[in-house]
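Everything on this sheet refers to the single structure shown next.
Bear in mind that the values in this text are calculations on the coordinates, not laboratory data. Since we're looking at a predicted model, the values are computed, not measured. Note: ideal-geometry Cβ built from the backbone for every residue, glycine included; neighbour counts use all protein chains shown.
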Amino acid sequence: MKKILVTGGLGFIGSHTVVELQNTGFDVIIIDNLSNSKMEVLDNIEQITSKKAAFFNIDLRNKKEVKHFFNTNTIDGIIHFAASKAVGESVEKPLDYYENNIGTLVYILQEMRDHKIDHFIFSSSCTVYGQAAELPITEKSPVKPAISPYGNTKQIGEEIIRDTCKVHNMNAIALRYFNPIGAHDSIKIGELPLGVPQNLIPYITQTAAGIREQLSVFGNDYDTPDGTAIRDYIHVVDLAKAHTAALQRLLSNENKEKFEYFNVGTGKGSSVLEIINAFEHANNLKLNYKITTRREGDVTAAYADTNKVANELNWKTEKTLEEALKSAWEWQKSLI
Ligand code: WQD
C-alpha cells in the first residue's frame, strides 16, 4: 500500500483530501502544526473512513524535526498543503509568509531529494493569474506579478518546484485552485476558519448563524452583469478528488513533463450576489447583507477553463453549487 504524506492534512482541503486518499486505498501520514486546524479533525476523518491516519504535530519551519521525520518514515509521495493562506494577512506580515510558505517548501524538497521521493503535488492557486486578460482562464494565461505576498509565495513555489524537477529525479504537479467551498457529505469535516472569516462562504454561513451581524458585499461597481465580482466556486470534495487523480497520474508515470500544472475549478463563474441568492434559495433563508466598497486586491472576475484537467487528469466536477452551499450551511449548524 503506497504511503502518502499530506502536510496540512488537518486543514480544510487537506482533511477532505485525506478522506479521498484513504478511500482510494492509500496509507496516509499527516503532518500538521495545528496553527489553522484542530486535533479533532483527525478523529472526524476516521469516523468517515474507519481508518486512522498516522499524525505528527510538526512545524515544518523546524528543519531538524523535518529531517528526523524523513529519516524515520518511508514515503512514496507527498501532497503539500501546509502554508499560510490569508491574502490580507500576507500584506501585513510578508516575512512570516515567505518563511512559512517558501522556507518549509524548500525543506520538504530537500528531503525528497535526499530520500529519493519523486512524486509531489503542490497546492497552488488561481491567484497566480491576477486579473486574467481572457476568461475563462486557461493554463496558458500569463502568470502576472503577484498582488499579495500570499500570491507571490504560490508563484515562487511553482518556480522552485520546476527548477528542482529539472535536475533531480522528481515529478510534480501544481493544482491551481479556484475557490474551494462546502463540506463533506457526512458533515463531519468542513471549513474551520479561526477568527473573522476572510472568505465569502464562511462569512455567509456565520452571518446566517448569527455569529456575524451582517455580510458586507465588497463592491457592486465591477464591470460584471450585476456589478459584483465573479469567482469559480468549487466543492471541496471535487477538489480533493482532483488530488488523488493527480497523484495517480504521477504514480503511474503518465505525466508528460516532470512539472505540470492544472487549473482546478468548475468552469462556471458566479457573482457575489448570485452566491447570496443561491445560498438563500438552497437553505430557504434570508441573509442580512449590505453593499460596501471594494476590497483592496480583489480581481473583477476569475473562472477556470477546465479542458486541460478534464483531458489530462480525466477529472471533472461532480457536485453542484447548490450541494456545496447546502453542505456549507449544514456544516456551520453542526458547529453551533
Ligand atoms: C470571494 C469574493 C470578495 C468576503 C482568496 C484567495 C485564493 C483562495 C481563496 C487560498 C470576492 C467577496 C468576500 C466578504 C465579499 N485562498 N467577498 N465579502 O479573494 O476570490 O480568493 O480565497 O487558497 O487564493 O485569493 O476569495 O472568498 O475571499 O472572496 O464580498 O466578506 O467574495 O470581494 O469577490 P478570493 P474570497
Percent relative contact order for the stretch 1-62, counting Cα pairs under 8 Å at least six residues apart, stands at 35
DSSP beta bridges in the chain: the antiparallel percent, rounded to 5, is 5
Computed over the chain, the Cα gyration tensor eigenvalues, each multiplied by 5 and square-rooted, give semi-axes in Å (largest first) of 31, 22, 19
Taking a crude spin-label model, label points 7 Å out from Cα along the C-beta direction, the K52 to E40 distance in nm is 1.8
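Show that you can apply the helix-only estimate: for the chain, add -39,500 (n - 2.57) for every DSSP H stretch of four or more residues, divide by all residues, and state [θ] at 222 nm to the nearest 500.
Computed ellipticity for the chain at 222 nm equals -12000 deg cm²/dmol.
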Counting Lys and Arg as +1 and Asp and Glu as -1 over every other residue whose Cβ sits under 13 Å from the Cβ of R294, the net charge comes to -3
Contact order relative to length for the chain, counting C-alpha pairs under 8 Å separated by 6 or more residues, stands in percent at 19
Taking a straight Cα-to-Cα line shorter than 19 Å from K308, and setting aside same-chain aspartates and glutamates fewer than 8 residues away, one finds E134, E139, E158, D232, D238, E254, E257, E260, E318
The rounded separation in angstrom of the Cα centers of the stretch 133-195 and the stretch 3-65 is 19
Toy charge model, Lys and Arg Cβ at +1, Asp and Glu Cβ at -1: the stretch 210-336 dipole around Cα centroid in debye, rounded to 20, equals 280
If amide H atoms are modeled at 1.01 Å from N in the peptide plane, then the residues at a separation of 5 or more from A174, or on another chain, having amide H under 5 Å from its own are F122, E260, Y261, F262
The simple spin-label model distance between K286 and T300, using points 7 Å out along Cα→Cβ, in nm, is 3.3
Placing +1 on each Lys and Arg Cβ and -1 on each Asp and Glu Cβ in the stretch 123-250, then taking the dipole about the Cα centre, the residue among I161, Y129, N179 whose Cα reaches farthest towards the positive end is I161
The residues I173, I102, sorted from fewest to most surrounding Cβ atoms within 10 Å, come out as I102, I173
Quick shape check on the stretch 295-336: root eigenvalues a ≥ b ≥ c of the Cα gyration tensor, a/c under 1.5 is rounded, otherwise prolate if a/b tops b/c, else oblate, and it reads oblate
Computed for the chain: size of charge dipole around the Cα centre, +1 on C-beta of each Lys and Arg, -1 on C-beta of each Asp and Glu, debye to nearest 20, value 460
So the number of lysine pairs in the stretch 28-170 with alpha-carbon atoms under 15 angstrom apart, 8 or more residues apart or on different chains, is 5
Within the stretch 110-154, DSSP-loop trypsin sites (Lys or Arg not before Pro) with at most 13 other C-beta atoms within 10 Å are K116, K140
